[in-house]
Amino acid sequence: MKIKKSTLISAAAVALVFAGAFGMSYLAGGLRLTDTDAKKAVTGASAVKAEDIQDENGKFVILDYPEDLDMSSYVTISDYEGMEVATEKPGEITDELIQQNIDSFISYYGKYDVHTEGTVEKGDIVTISYTGYQDGVVVAAYTATDNVLKLGSSDIPAEFEEHLVGTPIGEEQSFTVTFPEDWGDTAYAGRTMDFKATVSAVNEIPEVTDDNVGEITDGKYQTKADFLAYIEQSIEDYEQTQYEAEVGSEILEKLMDQAKFGTVPQELLTWHVSTQMRYYQDMADQYNMTVEEYLQDAGLADSVDDALYAMTQSAVEACKSYGLLDVIADQQDITVDPEADAADIEERSQQLIEGLGLSGQEKLLDYYGEVNLYHDVQNWKVFDWLRDHVTQKG
């Protein structure tokens, strides 16, 4: 059985992330190395060897972050206090934004006022069942039962909607649709398809009141005021998180531009590659393969050695941000205290447990390690410090 590369990439993308800071870079496409000379192109470091990141059973594991390294010999940085950023702070939460989020909440949980009489109108949120036919044969990809969609959205061709607007709710309609030439599903772009479709209901976003808020929120809120307070707080939290992430990205970009880097420490490269290879080890185990078999079957590399060469080369660039943040942490005496930083440690633990599909804290520490967990939190604290010491334009 061939493994779908797209599945692997999407899984890798969420495996290990520094929330609010920067992402762990995983190799997806572009891993293959077929040019022998490319294997010699690892700049300023030796390629990581498999035995350096394997346990006694030959399994790839995540090593502890090399926290005792003197990163100042690798990274030189100056003039970062008072850095000016252009990212705008969150603005006022408008009534329109609140209503948009109420609509999204109600739509997500399907708490509509349902109408089964009348006619379909443009922009309605409809419950619809439809069957697509190509030369009389049912097209499964264009067949659905009780699907809820908003007319006028990009999910359906405009011509499909035109055949429904003005028709009675509950009455089956038969029509032919010509898909646009730029339709995302290229197999049907520009082609025609016959449909039978029935709108069984039109769904309306209800106005939230004290009388219906309990039903809309499944009893979580008993008053409209409490529900609105939750919506506003959710918007505020989201926009603050987005702001912090954007400022963090801008800060990191500026820091990287002005910093000077020497030869990346081999220990740092080895650690970074271990985080990547552990993912491929997990996937290989899932499919009852060796890592080399998995890499070959997924079309990623011909051998483990090829993969390690490629990962080491990409790690040379990726490791710059780690060294840079470590230098700032050392200069500003930013460390992690298990008691004072317990809330951040717990938050990061839960992110990793959920992202990695682990069963609890004990499994997390066995898989990821306390040193790596604490280093993640230290990076959070460095970014918090940087955000507190930047100058906001305007």
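Odds and ends about this structure:
- Charge dipole (Cα centre; +1 on Lys/Arg Cβ, -1 on Asp/Glu Cβ; no other charges) of the chain amounts to roughly 1380 debye.
- Among [x] 0.99; [y] 0.97; [z] 1.05, the entry that matches Rg/Rh (Cα atoms, Kirkwood Rh) as calculated here: [z]
- Simple Cβ-charge dipole of segment 239-394, Lys/Arg +1 and Asp/Glu -1, about Cα centre, in debye nearest 20: 480
- Three-way shape label, segment 210-328, alpha-carbon gyration tensor, a/c 1.5: oblate
- Apportionment of accessible area to carbon and sulfur, the chain, percent (1.4 Å): 45
- Stretching T131 away from Q258 to a fully extended chain increases their span by 39.9 nm, per 0.36 nm per residue minus the current alpha-carbon distance.
- Maximal additional length on extending the K224-E250 stretch stands at 5.5 nm, based on 0.36 nm per residue less the C-alpha distance.
- Residue-averaged 222 nm ellipticity for the chain, from DSSP H runs of 4+ at -39500 (n - 2.57), nearest 500: -13500 deg cm²/dmol
- Above-threshold pairs, the threshold being 30 Å between Cα atoms, out of K111/K196; K59/K254; K122/K220; K49/K320: K59/K254; K122/K220
- Considering only M283, Q222, Y188, and ranking their Cα positions along the charge dipole of the chain that arises from unit charges at the beta-carbon of Lys, Arg, Asp and Glu, the one farthest toward the positive end is Y188.
- Angle between the chain longest axis and helix 304-331 axis [Cα atoms, degrees, rounded to 10]: 80
- Restricting the calculation to Cα atoms, segment 139-178 shows an Rg/Rh of 0.92 when the hydrodynamic-style radius is the Kirkwood one.
- Surface accessible to a 1.4 Å probe, per residue, for the residues of segment 259-344, Å²: 40
- A Cβ-based charge dipole, computed about the Cα centre of segment 150-191 with Lys and Arg at +1 and Asp and Glu at -1, lands at about 40 debye.
- Per-residue 3J(HN,Hα) values for segment 50-61, derived from phi via the Karplus relation 6.51 cos²θ - 1.76 cosθ + 1.60 with θ = phi - 60°, read 4, 5, 6, 10, 10, 8, 5, 9, x, 8, 6, 10 Hz in sequence order (x marks Gly and Pro).
The values are calculated or read from the model by the stated rules, or taken from the named source; none is laboratory data. All values reported here derive from a predicted model rather than from experimental measurement. FYI the Cβ positions are ideal-geometry reconstructions off the backbone, even for glycines, and counts take in every protein chain you see. Remember, those area values only see protein heavy atoms, side chains included, never the ligands or the DNA or RNA. Shrake-Rupley method; radii C 1.70, N 1.55, O 1.52, S 1.80 Å.
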